[in-house]
1. Pop out the ³J(HN,Hα) list for the stretch A:253-258 in order, Karplus 6.51 cos²θ - 1.76 cosθ + 1.60 with θ = phi - 60°, rounded to Hz; leave Gly and Pro as x.
2. So for A:Tyr279, B:Tyr118, D:Tyr220, what's the accessible-area order with a 1.4 Å probe, most first?
3. Taking GluC sites (Glu not before Pro) as candidate sites, keep only those in a DSSP loop with at most 10 other Cβ atoms within 10 Å, then name the longest stretch of chain A containing none of them.
4. Using a 10 Å cut-off around each Cβ of peptide A:25-32, what is the average number of partner chain Cβ atoms that fall inside?
5. Of D:Tyr77, B:Thr22, B:Asn109, which is farthest towards the positive pole of the protein assembly as shown's charge dipole, taken about the Cα centre with +1 and -1 on the beta-carbons of Lys, Arg and Asp, Glu respectively?
6. Any idea of A:Lys52's accessible area? Nearest 10 Å², probe 1.4 Å.
7. In percent, what relative contact order does the stretch D:71-212 have, based on Cα pairs under 8 Å that are 6 or more apart in sequence?
8. Rounded, prolate or oblate: which fits chain A, taking a ≥ b ≥ c as square roots of the Cα gyration tensor eigenvalues, rounded meaning a/c under 1.5, else prolate when a/b beats b/c?
Amino acid sequence: MTEPRDTAVAPETPVPVVDDNGHLIVNIGPSHPSTHGVCRVLVELDGEIVVKAEPIIGHLHRGIEKMAENRTYLQVVPLTDRLDYVGSMYANWAYCRAVERLAGIRVPERAEYIRVIVCELQRIASHMMAIGPAGADTGATSAFMYTFWQREMVVDLFEALCGARLTYNYVRPGGVASDLPDGWIERCRAFIAQHPAAMLEIDRFLFGNVIFRARTKGIGVLDAADAVAWGATGPVARGSGMSWDLRRDDPYSVYPRFDFDVPVGSRGDAYDRARVRVYEAVESCRIIGQALDGLAEFKPGDIMAEAMPRLLAPPPGDAYDHIESARGSLGVYLVSDGSVRPYRMKVRSPAFCNLALLPLLAEGHTLSDLVVILGSLDPVFGEVDR
Amino acid sequence: MAGIDDVAKALERVPGGGIILTSIDAIADWSRGYSLWMMPMGTACCAMELIAASFSKFDFDRHGSIPRPDPRHTDVMVVAGTITHKMAPSVKRLWEQMPDPKWCIAMGNCAISGGIFYYDTYSVVRGVDEFLPVDVYIAGCPPRPEALQDAILRLREKVRAESVSPGRARTIESILPLPSDAPRGSGGDAE
Amino acid sequence: MNLNELREHLCATYPDLCPLFSVEFGDGVMQVASSGLHSAAADMKALGFDMLGMVTAVDFGEDFELIYRLRSREMRVGMIVRTRVPRGNPSVASVTDLWPAANWHEREVYDLFGITFEGHPDLRRILLPDDWVGHPLRKDYEDPGVIRRPDYL
Amino acid sequence: MTFVWGLLWGLGAVMLIAGGAVIGVWWERKVAGRIQLRLGPQQIGPAGSLQMLADVPKLLFKEDIVPDGADKPVFRYAPLAVFAPIAMAAAVIPFWAGWAPFDSTVGVLFFLAVPAIGVIGILLSAWGSHNTLSTIGGLRAAAQMISYEVPRSLSVLSIVVLAGSMRPVEIMDAWRWWWVPLTLVGFVIYFTASIAEMNRGPFDLPEAESELVAGYFADYSGFRWAIFMMGEYGAMIVASLFGAAVFLGGFRWLPGIAGFVVFIALATLVITAVMWIKWTFPRFRQDHLMTFCWTVLTPLALLQLVVAGVVSLWL
């Protein structure tokens, strides 16, 4: 056993319990069952009504952007895994697209198809981690188990693909790390065949529940104008009726070849934000099915751009590229000075922008609604804090 | 409660007292080992595997380990994920809120040493053992839930060697050499 | 409206912005002086750039470059507005009055680069603890706690 | 003699509730496991049935933390104020034909009134912890428990009207099988209000895990917390036993020992239903909870009382 050593950690600043207006100040977090990570929310309560909610983030600020400046372009890929740990493939892909744009690399089509497949699978896995906690925040833990079971199936697929359950490091600059293993396509088809039925079950079990509806309908209403002004993207914006999906509106990769719908909510409350994710997961199944069909046209093994150097040294300049992750538009901005390491990497994280809405949405609701609203924004703190 | 050790020493002098003490120890250690409730201190990626551990597929309830979000009700803190300088005081506070006897599992490389965030970063605490006494380390980035299962079983072995009076605890063989045992200068550390 | 039409429209309506405009990597790119940032941003908002995607900065030694990425949903184009602020006096007008989204982004830039935004309602550190010394994403940031990675290359 | 008898019964009630809680916690973990595609405890005893043999001594051997800012005497003795009324309420349950441990002529009133004292214990623990989340939990518990007393009492009153007595033993004597369909609504109200009384899901707002971490007992550790848990399971057992007796007929279905087995089976069924609901339903919000109580349960209970009263005219 290691003896504890002194550490230079400062004691946390104490918080007064009652402020001058006689409002109770409640500190939620940074470790709390419903903050979905390490977020601290200082809540000012008048009875049970939230007068002011102030999210305090940065408890998981790991300085990934600084670390990237001291690593080669390929070595940054594992760091991007740890950004959005619920959806690692997205950060991989967004980063790789920025590198490819910077260095002018053309990715083989088979690799693009595989990227679409894994990212849509990742969208399903990630949405399962958003829908389930929406139930868990309101107290329905069992719904979380059911969605997590679906997530485990996706994780198993990824494990067969690249050996890791969570941090895949699979999408690389120039292509993907390896081709699909034998039998993977059949397993994937089996998964997408059963998934819509499972989603229907969740839809009936959770979204049909009268208490759940009462808890989420009309809670944390975000109107479309606010969603635009605050830069909300992804299911949070789509729940408010803002029909905006980069896959359709700023098509990248091979998405224009697929036929899919963008589900949009109408009321902008927590219920719509969660429900949009259910439909998106089903739409992802459609995309995966089409991509698996399209994959047969290409030669197996053609998954990496030709003449990829061991050490990438893109010409000086900068590049920004973004993709539609499960949480919204995830962008990576890279500046190169011509060396083998990025001069600056900036991750435009959708969860960061969406979380900024919390004070706006929570005001006037009760403490119980606060956790529902926070859950419906679906923040992943690896990505918020970076 | 002035000194449970003194009580234990006094009891040892009474004829048959040793038997009573060892029986109490046996009951206490057995029950503690089979009822290790987890304080899920999940901060980052490993938290996902920690969630998976208590969910349907892996189901740590089989081992009697259930996650309780309240530190007062738990026995073992599973630190899963990177601890930053901003987070560390809160982790320490939660650790202090846990009632004795308590144990700590450092899950994942970040909790062991900072892992991938060891070099070049300014905000990460390099290992949770900088401020907590860690009992079991699980390597991996992130470790699989099975690895956490193994850690629970290892911790159970360790708990069995303990005693209600701290002075009577037996030492158990570490399966790996402790860092202090390693001859200096022979390590292949890149520093 | 695509980017070239946008450029023509920009030249017709705002002649002083026209020479600053170019098209790179599918986005419009515009370089403005730091004093004219706010008015340029307001013009952009009037043109229909309703979303602020991100605000970030790059440390170029002598001065910092601030990057604002805007997006128009209607025209379906992106726009990057760059401006340079000197290292000695890193200060620029805040755009929180145009896009509330800028609030946290500017706090982050303030936190990590030490660039102050005038007119920001609540300019505090956001990611690092309040008592942190220095601004870590500056290239000259030194922290004794940082262990440098050995250079294998 | 009365004193000795009372002492013996007190011991018996504690044993009943403690033993019931031990079995109840295991049963709950298994039920929850089945609902959640899991197995639940497996390692100690057949199907993990002796898991509580590990959990209880562990909690006994845990450090007993009294927080610095706490109101210490209040904090220390609040768990007893929660547990004791529930043990007392167990005394009036008619276990056998013509026999209840405490055969009172106002047994129903006793059963309804005494557990309501528990709310004071919850308030004391919430206040004594000197913790914002606990205080919110305690206040929620007070509002909820006192409100739900009303429909709960009204629903039991319909049985009292039918039987023409407040003495549980006499109610059991007067019980007829057709009371079950007649008072079905009353039983559902009693069942719902009892869940709210014992602070279990979907009415577990006072300890709402996702909002208040553990609510009013957030600062309790070791055995003091175990007493709270015992109180919660005890409330569940006592309410289920009483409901199974007066609403569902208890031992009256079959003569002799078989009747007692049916009684216990009915109570187990009710307890399982309570767990089933907890692990399936989301949690109410405070204002919905109150609205539900005053606009749905209370009028329905009154209606049930009127129906029972009209029928009792012909009895």
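The values are calculated or read from the model by the stated rules, or taken from the named source; none is laboratory data. For clarity, every value in this text was computed on a predicted model and none was experimentally measured. Glycine gets a Cβ as well: all are built from the backbone with ideal geometry, and neighbour counts include every protein chain shown. Note: areas computed on protein heavy atoms with side chains; ligands, DNA, RNA excluded. Shrake-Rupley method; radii C 1.70, N 1.55, O 1.52, S 1.80 Å.
1. 6, 9, 4, x, 7, 9
2. On the way: A:Tyr279 110, B:Tyr118 50, D:Tyr220 0 Å².
In descending accessible area the options line up as A:Tyr279, B:Tyr118, D:Tyr220.
3. Answer from the scan: A:1-296.
4. 5
5. With unit charges placed on the Cβ atoms, the residue in question is B:Thr22.
6. 110 Å²
7. Over the stretch D:71-212, the number comes to 27 percent.
8. Values: a/c = 1.87, a/b = 1.32, b/c = 1.41.
Oblate.
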